[in-house]
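Here is the structure we will look at.
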Amino acid sequence: MGIRRAVAGVAGVVLVLEGVGVAGVQWVMADFLDRQHMSLAGLDTSMLANSLRGGGLFFGLVLVAVGVLALRMAVLDRAPGGFVRGVLIAVAVVHGVLGAVMAGLVGWDLFAVMMAVLALVVFSVIAYGRPGEPPAEPAEPVEPVEGPAPATP
């Protein structure tokens, strides 16, 4: 039971840090865009920058919220409910797709990071099983049966 709590806790911390990082990168990109004073098809740069900030904050908050749910799962050591399970699976799918995109556009280093986060989230979902099921008990060692020695040819 200890490893699943640890993995869920690490997944939660990683998702919170990722959310803060995504929001921060989007904010910096918005500042660069705002200072460029360039137009994209006649759109106002301040509107584009504000949209980028809003989107970054939204996605950052979503990742932080999912990280908090994973941390809560680790602290309570309970299987996630249907909604939380669905959210974690959605985050895992998004990380899988983004990992594939990162492999093509950015490089294998970021692909490996995305796959590590994907593995943490998937293990967190799988290790707890379904809600309402009793946790899997470790198998008891089987005692050897005493009896006559097997005949050797």
- Note on the structure: Selection from the stretch 62-75 of residues crowded, with 18+ Cβ neighbours inside 10 Å and not β-branched (Val, Ile, Thr) yields Leu63, Gly67, Leu69, Ala70, Leu71, Met73, Ala74
- For residues that are touching a residue at least 40 places away in the same chain (Cβ under 8 Å) and aliphatic (A, V, I, L, M), scanning just the stretch 76-109, find the one that is surrounded by the most Cβ atoms within 10 Å (Cβ to Cβ). Val91
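For Leu15, are the conditions met, namely being in contact (Cβ under 8 Å) with a residue 24 or more places away in the chain, in contact with a Gly (Cβ under 6 Å, 6 or more places away or on another chain), surrounded by fewer than 19 Cβ atoms within 10 Å (Cβ to Cβ) and closer than 20 Å to Phe123 by Cβ? Give the steps one after another, and end with the answer.
On the way: in contact (Cβ under 8 Å) with a residue 24 or more places away in the chain: yes; in contact with a Gly (Cβ under 6 Å, 6 or more places away or on another chain): yes; surrounded by fewer than 19 Cβ atoms within 10 Å (Cβ to Cβ): no; closer than 20 Å to Phe123 by Cβ: yes.
Considered against the rule, which asks whether it is in contact (Cβ under 8 Å) with a residue 24 or more places away in the chain, in contact with a Gly (Cβ under 6 Å, 6 or more places away or on another chain), surrounded by fewer than 19 Cβ atoms within 10 Å (Cβ to Cβ) and closer than 20 Å to Phe123 by Cβ, Leu15 comes out as no.
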- Note on the structure: When (1) closer than 30 Å to Ala79 by Cα; (2) at pLDDT 65 or above; (3) part of a loop (DSSP other than H, G, I, E, B) are applied to Glu133, the one that fails is (2)
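The values are calculated or read from the model by the stated rules, or taken from the named source; none is laboratory data. This is a predicted model, so every value here is computed, not measured. Cβ: placed from backbone, ideal geometry, glycine included. Neighbour counts: every protein chain shown.
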